[in-house]
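Encoded as structure tokens, the structure appears first; notes follow it.
The values are calculated or read from the model by the stated rules, or taken from the named source; none is laboratory data. The shown structure was predicted, so the numbers you read here are calculated from the model rather than taken from an experiment. Glycine also receives a Cβ, built like all others from the backbone with ideal geometry; neighbour counts cover every protein chain displayed. What goes into the accessible areas is simple: the full protein's heavy atoms, side chains included, and nothing from ligands, DNA or RNA. Shrake-Rupley method; radii C 1.70, N 1.55, O 1.52, S 1.80 Å.
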Amino acid sequence: MSSTSVIVATSSGQIEGVEDGGIARFLGVPFAAAPIGDLRFRAPVAHPGWDAVRPALEPGATAPQGLYRGVLGEILPTVVVAGDETLNLSIWAPTPAPTDGAPVMIWIHGGSLAHGSSALPAYDGGSFARDGVLFVGINYRVGAEGFSVLDGADANPGLQDALAAVRWVHSEIAAFGGDPSRITIAGQSAGGNVVSALLASGAVDDLVAGAIIQSGPPSARPAKRAGRITAAIAKRLGIATTRDAFLTKTADELVDAQEATTAGTTPVTGGLGYAIAIDGALVPVNPEAALVAGTASSIPLLLGWTRDEARLWLTPSGLDRTIGRGHLLAARIAFRIRRSTLAAYRRAVGGTHGDLFGALAQDLLLRVPALRIAESRVGADRAPAWLSEFTWPSPVHDLRAAHAVDLPFVFDRVASADAVALVGEAAPQALATAMHGDWVRFVHDGDPGWPRWSTDETVRVYDADGAHEEPLPRADLWRAWG
């Protein structure tokens with residue numbers, strides 16, 4: 001089937017995409033000016049625009065970042081696209097567009113706020129466009145460029161990039177056949193963290209109709225704590241924690257220092273890492289607290305996690321075999337985990353200290369906050385929440401249902417080369433059909449098709465046969481947190 005050139009006018013200028021098989025693709029479309037020179041460590045500003053028709057046929061430049069190492073690098077590849085205009089997005093639009101506009105899904109990638117991009121083949125939005133959803137994958141600044149805490153700099157530039165992208169989509173997407181009144185923001189891992197912060201800010205209340213947080217911690221840290229990694233990088237480089245000092249270093253120099261500073265750390269075992277900072281403005285309080293209190297209460301939520309989140313970091317690296325009683329004690333003290341809670345997990349989880357540590361970490365960071373947010377919407381005049389748990393075990397590196405194993409199923413791409421590296425060659429298509437279909441249904445209708453979270457505690461469980469509903473798995477552990 002031959003492809004056809006498609007030209008669309010935006011407020012910055014005309015762009016040229018390509019239509020093939022009922023899907024129009026526009027890749028690497030700038031939504032803000034290149035964050036270089038005087039714009040580094042600043043909130044994004046509008047793109048100056050262009051005169052000639054701009055080709056949008058290849059993925060846009062990716063944010064400066066390091067590579068995942070070892071086994072993680074095999075199953076979570078990094079795509080590097082050179083260039084300065086890293087604040088770009090890619091669009092997959094169904095054609096012809098519905099007369100009333102297609103529902104829109106904005107995808108915010110994960111990567112611990114230090115990695116990732118919309119250029120990854122795993123995030124190809126063709127399957128969503130095939131099913132009538134206009135899919136938008138965005139890029140935002142990560143690592144030192146996006147989440148440093150510096151005197152004289154704007155707070156959370158990476159988060160502000162994501163907000164600028166949402167605003168751009170709301171303003172421009174009708175030209176691509178999208179309905180700006182039906183935008184769902186969705187993210188996994190750090191992308192879910194960004195979604196939670198955008199919701200908690202109140203800045204997207206009039207821009208989005210729904211939100212999906214998949215395996216994303218709804219968290220932020222006080223600026224001093226979030227800035228610990230910035231201080232460590234500055235010490236390594238022999239500079240001050242100021243914008244002026246960081247401007248003397250190239251993005252690549254900061255990435256190198258960042259990689260050296262964070263070597264050996266993981267999101268579940270602790271150590272230095274990037275976090276969204278509570279800044280008193282865009283992020284006034286911790287997102288979980290804001291959402292539980294009722295911020296964004298008119299926006300329906302789809303909240304999900306995987307059964308074995310922590311295995312992504314603990315198992316391939318062998319950390320699960322080195323975690324001992326001392327690590328559990330340190331975690332209990334640091335996170336003020338009650339002895340009774342630890343005892344409940346010890347009885348339920350069994351296994352090694354590493355297994356117990358992983359179960360505590362994933363629930364503390366992901367499952368319990370999601371449940372608290374959903375619970376706050378029961379019996380209140382608030383939009384509903386729906387909860388899901390992904391349980392299918394990947395045979396690759398004994399990951400089981402680890403963090404990110406669900407992504408090939410969300411995107412209905414289990415046979416693609418990048419997916420096989422994560423889930424193997426025999427991943428069940430029935431599961432992909434079910435999970436992808438539920439997300440499509442939520443974006444279309446604001447309802448994924450199973451009972452909302454309520455006093456009966458119904459959860460959608462994804463397994464090899466597809467999906468089914470059941471009472472909340474491990475409900476006793478949820479209640480053990482009090």
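Remarks
- Selection count, segment 6-40, where residues are out of contact with any Ser or Thr (no Cβ under 8 Å at 6 or more places or on another chain), part of a loop (DSSP other than H, G, I, E, B) and either more than 26 Å from F128 (Cα to Cα) or open to solvent by 20 Å² or more (accessible area, probe 1.4 Å) (or both): 5
- The number of residues in segment 41-56 being buried (at least 20 other Cβ atoms within 10 Å of the Cβ) and touching a helix residue (DSSP H, G or I) at 6+ places or on another chain (Cβ under 6 Å) comes to 2.
- The set of residues from segment 386-427 being in contact with a Pro (Cβ under 7 Å, 6 or more places away or on another chain) and either among the β-branched types (V, I, T) or within 21 Å of L301 (Cα to Cα) (or both) comprises W386, E389, V414, V423.
- Residue count for segment 413-429 satisfying the condition of being of a type outside the set (S, T, N, Q) and open to solvent by 50 Å² or more (accessible area, probe 1.4 Å): 5.
- In the set S317, S340, only one residue is of a type in the set (S, T, N, Q), part of a loop (DSSP other than H, G, I, E, B) and open to solvent by 10 Å² or more (accessible area, probe 1.4 Å); that residue is S317.
- Only one of D418, D447 that is within 22 Å of R130 (Cα to Cα), outside any loop (DSSP other than H, G, I, E, B) and acidic (D, E): D418
- Meets criteria (in a helix (DSSP H, G or I) and either charged (D, E, K, R) or free of Cβ contacts under 8 Å to residues at least 24 places away in the same chain (or both)) for R377: no
- K249, sole failed condition from (1) open to solvent by 40 Å² or more (accessible area, probe 1.4 Å); (2) touching a residue at least 24 places away in the same chain (Cβ under 8 Å); (3) among the basic types (K, R): (2)
- If only residues of segment 452-466 that are open to solvent by 30 Å² or more (accessible area, probe 1.4 Å) and in contact (Cβ under 8 Å) with a residue 60 or more places away in the chain are counted, the one that is farthest from F128 (Cα to Cα) is T455.
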